[in-house]
Amino acid sequence: MPRWNAQYLILKQNNGVLLCPDHFCDLCFTDTFQRSASMGELVKVENQVRAFHEKCKPAGSYYGTKLFGKDKKTRLILAPSTSHTDEHFPFCCGCAEGKNEELIECQSCVQSFHLSCHGSYFGNQNDLKKDEKKNCENCMFNTQMRVGEGVLVFTNTVFRAARIMSGGRGAVIVEVLSTKTKITVPLKSLFCPYPRIANGIFNQMALSKSYKKHQNELVLIKAIFEQRAVFKPNIVRKIPSFKCKYQMHKSVHRYMSGEAESLIPVNGNVEIVTVGKFGFGMIAVMDLNQKIPIGEYIGELISKPECDRRKNLGEDSHDSECMFYTFESDVFVGGKKRKIYIDGAQIGNELA
Ligand SMILES: [Zn+2]
Ligand SMILES: [Zn+2]
Ligand SMILES: [Zn+2]
Ligand SMILES: [Zn+2]
């Protein structure tokens, strides 16, 4: 479910702006890939302030025929909300536990939940008790699933591993992995646990009587949960053209413009190298004695509370792509030792 931490999104390393939901991928954001969510090409949703990466096409959605904007792009039309009265998943979608507390069946999808696990009433659960329409959080936020995603579908007496193949206008074709058969099912009958509880859900299924005779189904389910746990969106990240160039140290410029060679000597002791997809790394080119200077670390000087605030925001936002460039160091001011914190996220040099 999309949890939006406005303060976190306006940190400089996260674009320095608060993005409205038209400017990040709803699915990547929900999957806690917050940096990827705001990058790459987006397709907007018709009549809603929402957008998705082209690669993150919501299951059951289709492209409209009307063209919009300067670049004449079509918009996505999402699957309509439906009601779901068939089989419900027998464990809570929030905590993976079973009937230790009353399980409420979502009226719009396959999920079940405990009242105490429903985070969207913000402590006022009496409101939910009174509410006639009992929707899970996913249905309240109309959370989507990607085409291609591994899911569970109830067919032939148990929930089985399946993959979303295609489909539009609300109906979805899934391939049931055990039988390799393709079936058309309502979108809302598919179950896809939040990655953080997938392990708990799997243990519950493995222990339940219904799977005694379906051990090979468990192997397939384990595989799709594992794939989901290591899934990362493959989003092409452009260096934004609006970046204020003067904020960057000239050495970084030289590197970015291709003027500098792939190795930038910092001061003869160390060199900056490219480390695959991780970006840049630093290696020593000779044995370094203790206390030998290795270079200047340029960045924004921030206080400890501000440093902690930035770090905590990343944790609170559950951003699995959270990155920090804060360097902690001791300086001597008038003979007294003081700790300083330098954040090289935006204004940095080759060391930062
Ligand atoms: Zn906007
Ligand atoms: Zn995406
Ligand atoms: Zn629960
Ligand atoms: Zn639901």
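The values are calculated or read from the model by the stated rules, or taken from the named source; none is laboratory data. Since this is a predicted model, take the numbers as computed values, not measurements. Cβ placement follows ideal geometry from the backbone for every residue including glycine, while neighbour counts extend to all protein chains displayed. When the accessible area is computed, the model is the full protein with side chains, heavy atoms only, and any ligands, DNA or RNA have been set aside. Shrake-Rupley method; radii C 1.70, N 1.55, O 1.52, S 1.80 Å.
Of the residues making up the stretch 7-37, those that are within 13 Å of ligand 2 (Cβ to nearest atom) and polar (S, T, N, Q) are Thr30, Thr32, Gln34, Ser36. Are any residues in the stretch 136-182 on the phi > 0 side of the Ramachandran plot and either open to solvent by 40 Å² or more (accessible area, probe 1.4 Å) or at pLDDT 90 or above (or both), and if so, which ones? Scanning the stretch 136-182 gives Gly148, Asn156, Thr157, Arg169, Lys180.
Evaluation of Ser81 against the conditions (1) out of contact with any strand residue (DSSP E or B) (no Cβ under 9 Å at 6 or more places or on another chain); (2) closer than 30 Å to Ser208 by Cα shows that the sole unmet condition is (2).
Hey, can you tell me all the residues within the stretch 121-135 that are surrounded by 12 or more Cβ atoms within 10 Å (Cβ to Cβ) and either at pLDDT below 85 or within 16 Å of ligand 2 (Cβ to nearest atom) (or both)?
At the first step, the residues of the stretch 121-135 found to be surrounded by 12 or more Cβ atoms within 10 Å (Cβ to Cβ) are 121, 125, 128, 134-135.
Within the stretch 121-135, Tyr121, Gln125, Leu128, Lys134 meet the criteria.
Could you look through the stretch 57-66, keep only residues that are in a loop (DSSP other than H, G, I, E, B) and away from ligand 4 (no atom under 16 Å from the Cβ), and pick out the one that is nearest to Ser81 (Cα to Cα)? Of everything passing the filter in the stretch 57-66, Ser61 is nearest to Ser81 (Cα to Cα). Note on the stretch 283-323: residues that are within 30 Å of Val230 (Cα to Cα) and at pLDDT below 75 total 1.
Taking the stated definitions as given, is Glu87 closer than 18 Å to Leu27 by Cβ and among the acidic types (Asp, Glu)? Answer is no for this residue.
For Val110, the test of being touching a residue at least 40 places away in the same chain (Cβ under 8 Å) and aliphatic (A, V, I, L, M) is passed. Of note, Gly40 satisfies the criterion of being within 16 Å of ligand 2 (Cβ to nearest atom), of a type in the set (Gly, Ala, Ser) and open to solvent by less than 50 Å² (accessible area, probe 1.4 Å).
All conditions but one from (1) in contact with a Ser or Thr (Cβ under 6 Å, 6 or more places away or on another chain); (2) at pLDDT 85 or above apply to Ala223; the one that does not is (1).
Residues checked against (1) without any contact (Cβ under 8 Å) to a residue 24 or more places away in the chain; (2) more than 16 Å from ligand 3 (Cβ to nearest atom); (3) assigned to a loop (DSSP other than H, G, I, E, B):
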| residue | (1), (2), (3) |
| --- | --- |
| Leu27 | no, yes, no |
| Gly40 | no, yes, yes |
| Phe52 | no, yes, no |
| Lys55 | no, yes, yes |
| Ala79 | no, yes, yes |
| Ser83 | no, yes, yes |
| His88 | no, no, yes |
| Gly94 | no, no, yes |
| Glu101 | yes, no, yes |
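Could you look through the stretch 43-68, keep only residues that are open to solvent by less than 30 Å² (accessible area, probe 1.4 Å) and farther than 27 Å from Arg196 by Cβ, and pick out the one that is modelled with the highest pLDDT? Checked the stretch 43-68; the qualifying residue modelled with the highest pLDDT is Val43.
Just for the stretch 186-231: of the residues that are within 16 Å of ligand 4 (Cβ to nearest atom) and open to solvent by 20 Å² or more (accessible area, probe 1.4 Å), which one is nearest to the chain's Cα centre (by Cα)? Walk me through it before giving the result.
Of the stretch 186-231, the ones within 16 Å of ligand 4 (Cβ to nearest atom) are 186-194, 197, 201.
Now drop any that are not open to solvent by 20 Å² or more (accessible area, probe 1.4 Å), which leaves 186-188, 194.
Numbers: Pro186: 25, Leu187: 21, Lys188: 21, Tyr194: 11 Å.
Top of the filtered list is Tyr194.
Restricting Leu18, Leu11 to those that are over 16 Å from the mean Cα position of the chain (by Cα), open to solvent by less than 40 Å² (accessible area, probe 1.4 Å) and under 26 Å from Tyr325 (Cα atoms) reduces the list to Leu11.
Going by the structure shown, is His118 within 18 Å of Gly60 (Cβ to Cβ), within 12 Å of ligand 4 (Cβ to nearest atom) and open to solvent by less than 70 Å² (accessible area, probe 1.4 Å)?
Here the answer is no, as His118 does not meet what is asked.
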